[in-house]
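Participant: The structure that follows is given in the form of structure tokens.
The values are calculated or read from the model by the stated rules, or taken from the named source; none is laboratory data. Since the model is a prediction, treat every value here as computed from it, not as a measurement. Heads up, the Cβs are rebuilt from the backbone with ideal geometry, glycines too, and the neighbour counts pull from every protein chain shown.
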Amino acid sequence: MKKQTAILKQDKNLLKNQIWFLSNKGFKWDEKEEIRIWDDGSGFRFNCGGKPPNKTDYLFLLAVLYQAQLQNWSKEVRTTRHAILKFCGMTPNQEKYERLMVGLTRYFRCWCEWRGNYFDNRGKKNKKTEMIFGIINNMELDPETKELVIELNDLFIKQAASSKFFLQLDLKQLIAIKNPLASRLYELLLSMSYGRDTWTISAHKLATKLSMTEKYASKIIQRVNRAIKTIEKRTSLSLSMVVEKVSRGKAKLHFKINAKTPLKSPLAVPVDTLEDDTHNLFKSREEAFTFANSYTRLKGKTDKLERVIRFLSTGFNPDYGWDRETIVLFIDSDI
């Protein structure tokens with residue numbers, strides 16, 4: 001049986017930069033404007049008047065964009081909630097109908113800003129380009145016919161329709177990747193493989209681009225490795241990643257995409273040697289408790305020991321262990 005496909009022409013500027021997020025962390029609250037702002041320092045900003053969109057919201061948006069493409073890139077998309085949910089592989093019911101409207105409303109409250117970080121049709125960064133546009137202008141649901149009319153922003157639909165800096169995104173493969181981190185990594189790798197099959201980025205910079213909350217390179221790499229396995233299992237993409245140790249706690253990640261031979265490097269190192277000193281990682285809760293007890297006494301913060309133990313008990317993950325530095329930061333903080 002032939003697998004279903006739904007190929008969407010997608011501008012790479014919208015794939016390289018985030019318009020959906022793994023969590024709310026990383027956003028800054030602008031008190032003056034009363035909005036959430038995502039700004040990774042690259043020249044792209046994503047602004048939210050409410051909760052940032054997540055993967056589910058994003059799939060709803062892509063389903064609408066796909067309908068726009070089928071309707072000759074009309075900015076006014078006529079569809080139904082039932083059709084969008086079925087496209088996204090969800091069972092239509094009242095709860096899902098309401099969730100769909102919540103997701104689309106989140107994009108109604110968002111807008112994008114490019115300031116010198118926009119890539120033109122030749123794939124070249126245009127430092128002079130400044131663009132600001134929203135995503136969804138308005139929506140209207142007919143209570144009798146159940147027709148849902150969604151008006152997309154003019155510039156947003158124009159970028160998707162007229163861009164020559166684009167790729168063909170298989171939405172069915174993206175939907176098949178259930179894990180949000182793997183989904184975002186999949187998009188990012190596709191966008192970065194423009195005219196090449198290799199891509200290099202630091203572990204921490206990749207974590208920022210993926211809106212990950214992990215602070216340590218070893219944990220970033222562990223999650224990325226699992227995401228790669230998910231991508232290879234759920235899609236036709238073939239990936240190879242090599243870790244290059246730069247200094248203690250820092251690394252570069254070298255990716256090779258859809259390559260017949262794996263990426264090799266004499267600088268490749270096992271992930272478990274990345275942090276340089278294995279004694280920085282406690283593999284049992286008891287070891288972490290013992291260190292915490294000694295350190296609080298050393299710092300004269302024994303009154304904080306109870307909170308530290310509670311912190312270790314609720315957050316300990318035996319798959320990773322506790323980093324010595326994490327415990328020290330918690331004890332030294334004013335929390």
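Participant: Going by the structure shown, is Gln222 assigned to a helix (DSSP H, G or I) and either free of Cβ contacts under 8 Å to residues at least 40 places away in the same chain or more than 21 Å from Asn47 (Cβ to Cβ) (or both)?
Facilitator: It is true that Gln222 is assigned to a helix (DSSP H, G or I) and either free of Cβ contacts under 8 Å to residues at least 40 places away in the same chain or more than 21 Å from Asn47 (Cβ to Cβ) (or both).
Participant: Tell me, yes or no, whether region 290-299 has at least one residue that is hydroxyl-bearing (Ser, Thr, Tyr), modelled with pLDDT of 65 or more and closer than 30 Å to Ile201 by Cα.
Facilitator: no
Participant: In addition: State yes or no: is Tyr107 touching an Asp or Glu at 6+ places or on another chain (Cβ under 9 Å), within 27 Å of Lys209 (Cα to Cα) and not assigned by TED's automatic domain parsing to the domain that holds Ala207?
Facilitator: So Tyr107 fits the description; yes.
Participant: Only one residue in Arg310, Arg324 is at pLDDT 60 or above, touching a strand residue (DSSP E or B) at 6+ places or on another chain (Cβ under 8 Å) and basic (Lys, Arg), so which one is that?
Facilitator: Arg324
Participant: Residues of region 75-100 being without any contact (Cβ under 8 Å) to a residue 60 or more places away in the chain and of a type in the set (Gly, Ala, Ser), which ones?
Facilitator: Ala83
Participant: Now, a different point. Spot the failing condition for Val243; the list is (1) closer than 24 Å to Phe21 by Cα; (2) surrounded by 15 or more Cβ atoms within 10 Å (Cβ to Cβ); (3) at pLDDT 90 or above, and only one is missed.
Facilitator: (1)
Participant: Across region 13-25, what is the total count of residues that are surrounded by fewer than 19 Cβ atoms within 10 Å (Cβ to Cβ) and in contact with a strand residue (DSSP E or B) (Cβ under 8 Å, 6 or more places away or on another chain)?
Facilitator: Adding up the residues that qualify gives 1.
Participant: Moving to a separate point now. Only one of these conditions is not met by Lys96: (1) surrounded by 19 or more Cβ atoms within 10 Å (Cβ to Cβ); (2) modelled with pLDDT of 95 or more; (3) in contact with a helix residue (DSSP H, G or I) (Cβ under 6 Å, 6 or more places away or on another chain). Which number is it?
Facilitator: That leaves (1) as the condition not met.
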